[in-house]
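Note sheet for the following structure.
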Amino acid sequence: PANIICRIDKPTLLYILGILNSNVTKYIIELTGATRSGGFIEYKPMYVSQIPIPKVEAELRERIRQRVEKIMGVQRELSQLDTAQAKNLPEQATLKARLAEYETLLNALVYEAYGLTAEEVAVVCPHP
């Protein structure tokens, strides 16, 4: 296991978190990382450290940061559902749909940050 110690401000950390949890990063790691049995891909520092973090205008960074915070908020809501509430499938379904929508929007912002064309996005994420 590897540890990373960050000494950066929270907005920058959330921006990087958005980049690292995007379809772009998944695509890069699938190309460069090691695939283990069962199709699991290792996200080791030697692979992740090669991910280029785009330098973008403050406005786009902020939009990515805000989207990450929304995703984290929905994930918190989902994890806080206790066993009794987990049987509330409509609530769970609503939260999961919102999470999927937010992740789609995050990926669109990350594609913008990397300056990807529609053709390049189709390669990175062939099944939207």
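The values are calculated or read from the model by the stated rules, or taken from the named source; none is laboratory data. The shown structure was predicted, so the numbers you read here are calculated from the model rather than taken from an experiment. Cβ placement follows ideal geometry from the backbone for every residue including glycine, while neighbour counts extend to all protein chains displayed. These area figures cover heavy atoms from the full protein model, side chains too; ligands, DNA and RNA do not enter into them. Shrake-Rupley method; radii C 1.70, N 1.55, O 1.52, S 1.80 Å.
Laid out as a table, the results:
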item	result
Test: residue in region 93-106 that is at pLDDT 95 or above, on the phi > 0 side of the Ramachandran plot and not aromatic (Phe, Trp, Tyr)	no
Whichever residue in region 36-59 is within 16 Å of residue 20 (Cβ to Cβ) and assigned to a helix (DSSP H, G or I) and, among such residues, is nearest to the chain's Cα centre (by Cα)	48
First in region 100-123 and under 14 Å from residue 27 (Cβ atoms), second anywhere and small (Gly, Ala, Ser), Cβ under 7 Å, 6 or more apart	107/22; 110/18; 110/22
Positions within region 13-51 being under 16 Å from residue 110 (Cβ atoms), open to solvent by 50 Å² or more (accessible area, probe 1.4 Å) and touching a residue at least 24 places away in the same chain (Cβ under 8 Å), in sequence order	17, 20, 21, 27
Check on residue 69, without any contact (Cβ under 8 Å) to a residue 12 or more places away in the chain and either part of a helix (DSSP H, G or I) or exposed (fewer than 11 other Cβ atoms within 10 Å of the Cβ) (or both)	no
